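Below you'll find the structure, written out as structure tokens, and then a few comments.
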Amino acid sequence: MKFLFFGIVLLLFSCGTNSDGSQIPDAENLCKYSKWLRISETKDLVRIEIINPDDPSKIVKLQLPNFKSKKNKSHTYDLENPIQRIAVLSSTHIGMLGELNLIDRIVAIADLKYVHNKKLKNKIPKELGEEQLISAEKIISSGAEMVIYSGFSNEFPKQELLHKIGIETIPNYDWREVHPLGRAEWILLFGYLTGHADGARKKFEEICSNYENIKNRIRGEKSILTLSGNMTGDYWYAPGGDSYHAQLFDDAGLSYVFSNEKGTGSLALSFEKILGITDNVNLWLNPGFQSKTQILRSHPKSRLLKPLKLSSVFCYSHNTNKYWELSACRPDLILSDYAEIKKGSQMEPDNLFFYQRVQ
Amino acid sequence: MIGIKSHAILLISVLAGIVALSFYGLLSGDIPTEFNDLHHALFDYSEQNINQVIIREIRLPRIMMAIISGAALSVAGMLMQTLFQNPLAGPYVLGINSGSSLMVALGVLSGVGFFNSELGLIGSALLGAFVFGLFILFTASFLRNQIGLLLFGVMLGSFVSAIITILEAGSQAEALKSFALWSMGSLNNVTIDQIPIIFAVFVSTCFLTFFIVKPLNILILGEEECRLMGYDIKKIRILIVFITALFTGLITAFCGPIAFVGLAVPNLTRMLFKTQNHMLLLIANLLFGSFFLLTCDITIQLFSDVLLIPINALTSLIGAPFVIYILIRKLR
């Protein structure tokens, strides 16, 4: 019985692994930063592996022909042709396809309310709703060949049924990546699935180059003690010292107050503790609101924080959709914003891409 | 029957407990502070001293709010139980809180200027509590069964939460975030500047309650007796709903909905004092309510290093089994 169960689980998460999968030669993993995405390529074949961060033994494997190659008919693939009609359930997926100029391929999304891309807004794709409550009928009627989802739960609703009728469901764990470039690297997944691998690689190299250039340029500049997060209920939630945001702060040369606190997730602290340890803090990033009034209404005692008194608070909340859509694939632009914010009084507000001073 | 002397000893002990817990709460927290800091924070305050800021701006308002909220919600619960002659009545269970929540949701999620302001929020919460109080009063005249009234309250709560869910689905992210934070319930959001206003409204409402102690005592005997004694039963009922709405709306506006205090504490005091004398019950609810919520708050602070417990979760953890206990006793 246990073996049967194990077999079913393997079948579910293998996403149609090829019968001749063992024949694929071990090629180099093209992903340098990502922890949960592996892509290897030979002249004829592309192998994509998406690892479940909660259980790394669960790997979604996809085998595609190398669309550049002419002689790719000797294998049975999970995808025979590049995806032309895709349903994406997260803003970051839209951002990545947008960077590849492939917005036209999107036929369905979760909710139009959270879309920033004007072209997509005008196109009015089908709205599928939240990932966990999604209707298979809506997906089918959208005409999507593939659904990319965020993998909040273990399984996509009606995954097996959709697979039977030829609609593949692929999880995207970009949001679980800790390295900013690791998160951006998921652009390669979209590139390979849509037949735009070269474009995706070029774009990613450009992002990496921008990121490293900014990082090197600001290295050695005077650091600013920085606070991040906000009060939610009775506690202040801030990114842990090993988290994605902490990495960005570090690369931007910002001295993050919780950089020594272990953990890739959130830290929960009392406001008393925040006030006690942030006496010398001069910058507050990501308070979650676009105005001081909103911050104070949500938590009036925030007025005691020095950065608020100094008006040294910055957030992306004036255009949340833009941030969520583009920040994952463009960490270079976040870093560029932090570098500009670091200039203090010399800062040029027009040079900020995502952020704005909280007034 | 516990004698007057025993009642007095019990009440004085609880009062002493409130004082002791308050001092403990003011002096303990994540940042170590001393008695000297407390003295300065209260009588010789300097904004430059972080310890004094923490005591005056963070701990003092939280402890004051625990005292006021516990007392206000318990008295509101006692009034509801007497009005409906039902030990299962309380502002949270009957849905008076739901009225406040609905109005606050309409205000915050609609984003309309005035309703989105602090004054608008308080007004919305008070209005919602009063209108729902009257609605429950009207409906109660058709419900003979005590458990029926409880079920009605539960249904009202579900109905309101469905409307709120629909409102949330169509609202902007910022408004949704503001409402979600408010609905979590917290004693931490009140500032030291707001305490005098809250305290003034609370004390005035307490005085108003003292004036209706006699009719409350007679109401226990039945409506006919009340009429024979020359009281206008309709007016008394509306006055009780009004006072309950003031207590509940005030606390809900500033702290969000806080569950079960208004149900558990009045029942506890009735069990302990075994009396229908509302003067004694009123004092007991004021003191026991304060003591209860203050204890919950101190417990949360004590365990905050190992476990994060929202105030609502702890009051529900204690209050819900109490409701089950009363229900089982009733059904037997």
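Would you please name the residue that is farthest from the other protein chains (Cβ to nearest Cβ), looking only at residues in segment B:164-185 that are within 24 Å of B:I311 (Cβ to Cβ) and in contact with a helix residue (DSSP H, G or I) (Cβ under 6 Å, 6 or more places away or on another chain)?
B:I164
Mind listing just one residue for me: the one in segment B:186-200 that is surrounded by fewer than 18 Cβ atoms within 10 Å (Cβ to Cβ) and of a type in the set (A, V, I, L, M, F, W, C) and, of those, nearest to the other protein chains (Cβ to nearest Cβ)?
B:I192
Which of the following residues is part of a loop (DSSP other than H, G, I, E, B), assigned by TED's automatic domain parsing to the domain that holds A:H163 and under 20 Å from A:S150 (Cα atoms): A:I83, A:I94?
Checking each option against the conditions leaves just A:I83.
In segment A:186-198, is there at least one residue being within 14 Å of chain B (Cβ to nearest Cβ) and in contact with a helix residue (DSSP H, G or I) (Cβ under 7 Å, 6 or more places away or on another chain)?
Among the residues of segment A:186-198, not one is within 14 Å of chain B (Cβ to nearest Cβ) and in contact with a helix residue (DSSP H, G or I) (Cβ under 7 Å, 6 or more places away or on another chain), which makes the answer no.
Counting only residues that are surrounded by fewer than 22 Cβ atoms within 10 Å (Cβ to Cβ) and within 14 Å of chain A (Cβ to nearest Cβ), how many does segment B:39-52 have? Steps first, please.
We begin by selecting, within segment B:39-52, every residue surrounded by fewer than 22 Cβ atoms within 10 Å (Cβ to Cβ); these are B:39-40, B:42-52.
Those left that are additionally within 14 Å of chain A (Cβ to nearest Cβ): B:45-52.
So the count comes out to 8.
A:N321 passes all but one of (1) closer than 30 Å to A:F190 by Cβ; (2) surrounded by 20 or more Cβ atoms within 10 Å (Cβ to Cβ); which number fails?
(2)
Of (1) under 15 Å from the mean Cα position of the chain (by Cα); (2) under 23 Å from B:L327 (Cβ atoms); (3) in a helix (DSSP H, G or I); (4) at pLDDT below 85, B:G90 satisfies all except one. Which?
Here B:G90 clears every test but (3).
(1) touching a residue at least 40 places away in the same chain (Cβ under 8 Å); (2) under 30 Å from B:V241 (Cβ atoms): which one isn't true of B:E118, the others all being true?
B:E118 satisfies every listed condition except (1).
Are there strands (runs of 3 or more DSSP E) fully within segment A:238-327 with at least 1 residues that are more than 17 Å from A:G344 (Cα to Cα), modelled with pLDDT under 95 and of a type outside the set (A, V, I, L, M)? List them.
A:266-269
Can you work out which of the residues in segment A:154-173 that are charged (D, E, K, R) and more than 22 Å from the chain's Cα centre (by Cα) is surrounded by the most Cβ atoms within 10 Å (Cβ to Cβ)?
Step by step, filter segment A:154-173, then rank; the result is A:K158.
Among the residues of segment B:303-332, count how many are more than 12 Å from every other protein chain (Cβ to nearest Cβ) and in a helix (DSSP H, G or I).
17
Counting only residues that are outside any loop (DSSP other than H, G, I, E, B) and of a type in the set (S, T, N, Q), which one in segment A:128-163 is modelled with the lowest pLDDT? Before the answer, list the steps.
Keep residues of segment A:128-163 that are outside any loop (DSSP other than H, G, I, E, B), which gives A:131-133, A:136-142, A:146-149, A:159-163.
Imposing the further condition that a residue be of a type in the set (S, T, N, Q) reduces the set to A:132, A:141-142, A:159.
Working: A:Q132: 77, A:S141: 91, A:S142: 92, A:Q159: 85.
By that ranking, first place goes to A:Q132.
What do you reckon, is B:G29 in contact (Cβ under 8 Å) with a residue 12 or more places away in the chain, within 14 Å of chain A (Cβ to nearest Cβ) and not basic (K, R)? Even if it seems obvious, please write down each step before you answer.
Numbers: in contact (Cβ under 8 Å) with a residue 12 or more places away in the chain: yes; within 14 Å of chain A (Cβ to nearest Cβ): yes; not basic (K, R): yes.
In short, yes.
I'd like the residue in segment A:174-208 that is crowded, with 22+ Cβ neighbours inside 10 Å and of a type in the set (F, W, Y) and, out of all such residues, is farthest from A:A136 (Cα to Cα).
This residue is A:F204.
If you go through segment A:4-18 one residue at a time, do you hit one that is at pLDDT 55 or above, out of contact with any Cys (no Cβ under 8 Å at 6 or more places or on another chain), within 15 Å of A:E168 (Cα to Cα) and surrounded by 20 or more Cβ atoms within 10 Å (Cβ to Cβ)?
Just the residues of segment A:4-18 that are at pLDDT 55 or above, to begin with: none.
There is no residue in segment A:4-18 that is at pLDDT 55 or above, out of contact with any Cys (no Cβ under 8 Å at 6 or more places or on another chain), within 15 Å of A:E168 (Cα to Cα) and surrounded by 20 or more Cβ atoms within 10 Å (Cβ to Cβ).
Out of B:G77, B:G17, B:G70, B:G99, report the one residue that is surrounded by fewer than 19 Cβ atoms within 10 Å (Cβ to Cβ), assigned to a helix (DSSP H, G or I), touching a residue at least 60 places away in the same chain (Cβ under 8 Å) and away from chain A (no Cβ under 14 Å).
Working: B:G77 fails: surrounded by fewer than 19 Cβ atoms within 10 Å (Cβ to Cβ); B:G70 fails: surrounded by fewer than 19 Cβ atoms within 10 Å (Cβ to Cβ); B:G99 fails: surrounded by fewer than 19 Cβ atoms within 10 Å (Cβ to Cβ).
Result: B:G17 is the single residue among B:G77, B:G17, B:G70, B:G99 that is surrounded by fewer than 19 Cβ atoms within 10 Å (Cβ to Cβ), assigned to a helix (DSSP H, G or I), touching a residue at least 60 places away in the same chain (Cβ under 8 Å) and away from chain A (no Cβ under 14 Å).
Does B:I240 meet the test of being crowded, with 19+ Cβ neighbours inside 10 Å, within 25 Å of B:F254 (Cβ to Cβ) and more than 14 Å from chain A (Cβ to nearest Cβ)? Break it down into steps so the answer makes sense when it comes.
Working: crowded, with 19+ Cβ neighbours inside 10 Å: yes; within 25 Å of B:F254 (Cβ to Cβ): yes; more than 14 Å from chain A (Cβ to nearest Cβ): yes.
Answer is yes for this residue.
Can you tell me which of A:S336, A:S311, A:S327 is on the phi > 0 side of the Ramachandran plot, away from chain B (no Cβ under 11 Å) and either touching a residue at least 24 places away in the same chain (Cβ under 8 Å) or within 28 Å of the chain's Cα centre (by Cα) (or both)?
Values: A:S336 fails: on the phi > 0 side of the Ramachandran plot; A:S327 fails: on the phi > 0 side of the Ramachandran plot.
Testing whether each residue is on the phi > 0 side of the Ramachandran plot, away from chain B (no Cβ under 11 Å) and either touching a residue at least 24 places away in the same chain (Cβ under 8 Å) or within 28 Å of the chain's Cα centre (by Cα) (or both) leaves just A:S311.
How many of the residues making up segment A:287-301 are surrounded by 20 or more Cβ atoms within 10 Å (Cβ to Cβ) and more than 10 Å from chain B (Cβ to nearest Cβ)?
Summing the residues that are surrounded by 20 or more Cβ atoms within 10 Å (Cβ to Cβ) and more than 10 Å from chain B (Cβ to nearest Cβ) in segment A:287-301 gives 2.
From the list A:S270, A:S259, which residue is farther than 18 Å from A:Q356 by Cβ, within 11 Å of another protein chain (Cβ to nearest Cβ) and among the hydroxyl-bearing types (S, T, Y)?
Residue meeting the stated conditions: A:S270.
Checking the structure you have, find out if any residue of segment B:243-251 is buried (at least 17 other Cβ atoms within 10 Å of the Cβ) and out of contact with any Ser or Thr (no Cβ under 9 Å at 6 or more places or on another chain).
Within segment B:243-251, one or more residues are buried (at least 17 other Cβ atoms within 10 Å of the Cβ) and out of contact with any Ser or Thr (no Cβ under 9 Å at 6 or more places or on another chain).
Restricting the search to segment A:209-234, which residues are within 14 Å of chain B (Cβ to nearest Cβ), under 15 Å from A:T278 (Cβ atoms) and assigned to a strand (DSSP E or B)?
A:N230, A:M231
Consider A:Y244 carefully, then state whether it is of a type in the set (F, W, Y), crowded, with 18+ Cβ neighbours inside 10 Å and within 9 Å of another protein chain (Cβ to nearest Cβ).
Criteria not met by A:Y244.
Find the helices (runs of 4 or more DSSP H) located wholly in segment B:175-285 whose residues include 3 or more that are closer than 30 Å to A:S270 by Cβ, and list them. Can you show your working first?
On the way: elements: B:195-211, B:213-219, B:223-228, B:233-255, B:261-273.
So the answer is B:195-211, B:233-255, B:261-273.
The values are calculated or read from the model by the stated rules, or taken from the named source; none is laboratory data. These numbers were taken from a predicted model, which means no experiment stands behind them. Cβ sites come from the backbone with ideal geometry, for glycine too, and all protein chains shown count toward neighbours.
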